[in-house]
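Structure, as structure tokens:
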Amino acid sequence: MRRPELLRAAHCSLWGMPLDQTFAGRSWPPTDTYLVGREKIREFAHAIGATEAEYHDPEAARALGYPDVVAPPTFPVTITMAASRQVVNDPALGLDYTRVVHGDQKFAYTRPMVAGDAVVCVNTVDEITTRGGHWFITIRTEVRTEAGEPVVTAWSKLVQRGEEAHS
Amino acid sequence: MSESFEPQTYRVTRADLVRYAGASGDFNPIHWSERVATGVGLPGVIAHGMFTMALVGRAVTAWAGAGDAVKEFAVRFSRPVPVPDTDEGTEVVVTATVKEVTEDGDTRLALTATCNGDKVLSLAQALVGKR
């Protein structure tokens, strides 16, 4: 017997597209190496209006004990966001990116990123939860040099907004 | 321990968002297309959340006196920052209060960012190392 009201409930996605919760706890192989460029750091610092000399002038950075210009605190997201596509673009996860907003962002730094760093990213899904029709996924991205030296860890919590109920 | 810092005000225009899109690689059209932004139910073009976080980062490093002083930095994006297509754009105001000085001498700051009087971040904080 057909239950049109249930079918409608199932198809109107009142609770949003579910994410595959078996992704929680999974890690991915290291991404390809990203070479941090001096001009990229300068371009990023310029774009956020940051004028500190250590972001622009290698001499000023050397005076602080770094081999080249250092990156502003949020610069690593330009690398970790691209790296996390390894996770969010996996069709098996079921994430509808058109409904995704950035919920939380956190960084824990071992040291600032520096021009000349050759880094790889290792992604892990820390958590997948759901509440009120929304889905939440926290991706931890550990950024380390090719030699394995830790630089920074980034956590991004993405929110897949639930859809409105259709009548 | 509740020392507060002088609020920092940052102007944000559409040109800033375009420049940030290019520098960061985040080309989501809700940050540059009015048509796309309103089409998904936003009031208009909004700033990248990470651009707002970057402005807060500027305030933190300015208070700390060094670009490499930040040990931890976390925010929750609680409200969008609409950026009108005008020469003036909008303003984001950042404040900080010292919450704690750790045994290691690091300072934990509680941070706020507001736009038109609305808090656009919550649970924002930074741990700043002693130099």
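Couple of notes before you dig in:
- Estimated vicinal HN-Hα couplings, Hz - region B:15-21 in sequence order (Karplus 6.51, -1.76, 1.60; Gly, Pro = x): 4, 4, 5, 5, 5, 5, 4
- Gyration tensor over alpha-carbon atoms, chain B, equivalent ellipsoid semi-axes in Å: 30, 14, 12
- Spherically averaged projected area in nm², based on the convex hull that wraps the Cα atoms of chain A: 11.9 nm²
- Couplings 3J(HN,Hα) of region A:74-85, computed from phi: 8, 4, x, 5, 5, 8, 6, 5, 5, 5, 6, 4 Hz, in residue order, whole Hz [Karplus 6.51 cos²θ - 1.76 cosθ + 1.60, θ = phi - 60°; x for Gly and Pro].
- For the protein assembly as shown, the convex hull spanned by the alpha carbon atoms encloses 151 Å³ per residue.
- Around B:Tyr20: net Lys/Arg minus Asp/Glu count, Cβ-Cβ under 15 Å: +3
- Rounded to the nearest 20 debye, the dipole magnitude of region A:43-167 is 400 debye, with +1 charges on Lys and Arg beta carbons, -1 on Asp and Glu beta carbons, and the Cα centre as origin.
- Ignoring aspartates and glutamates fewer than eight residues from B:Lys119 along the same chain, the ones with Cα atoms less than 18 angstrom from its Cα are A:Asp104, B:Glu6, B:Glu91.
- Placing +1 on the Cβ of every Lys and Arg and -1 on the Cβ of every Asp and Glu, with nothing else charged, gives chain B a dipole about its Cα centre of roughly 180 debye.
- A straight chain from B:Phe5 to B:Asp106 at 0.36 nm per residue would run longer than the Cα-Cα distance by 34.7 nm.
- For residues of B:71-82, the mean tally of beta carbons on other chains within 10 Å: 4
- Of B:Gly65, B:Gly39, B:Cys115, farthest towards positive along the dipole that unit charges on Lys, Arg, Asp, Glu beta carbons give region B:17-129: B:Gly39
- For region B:88-104, Karplus couplings with θ = phi - 60° (6.51, -1.76, 1.60), whole Hz, Gly/Pro x: 7, x, 9, 10, 10, 10, 10, 10, 9, 10, 6, 9, 6, 10, 6, 4, 7
- Spatial separation of Cα centroids for region A:105-167 and region A:20-64, in angstrom: 15 Å
- More than 12 Å apart - percent of Cα-Cα pairs taken over region A:102-141: 72 percent
- Charge dipole (debye, nearest 20) of the protein assembly as shown; +1 at Cβ of Lys and Arg, -1 at Cβ of Asp and Glu: 820 debye
Where a number appears in this text, it was derived from the coordinates with a stated rule and is not lab data. All figures in this text were calculated on a predicted structure; none of them were measured in a lab. Using ideal geometry, Cβ is built from the backbone for each residue, glycine included, and neighbour counts are taken over all protein chains shown.
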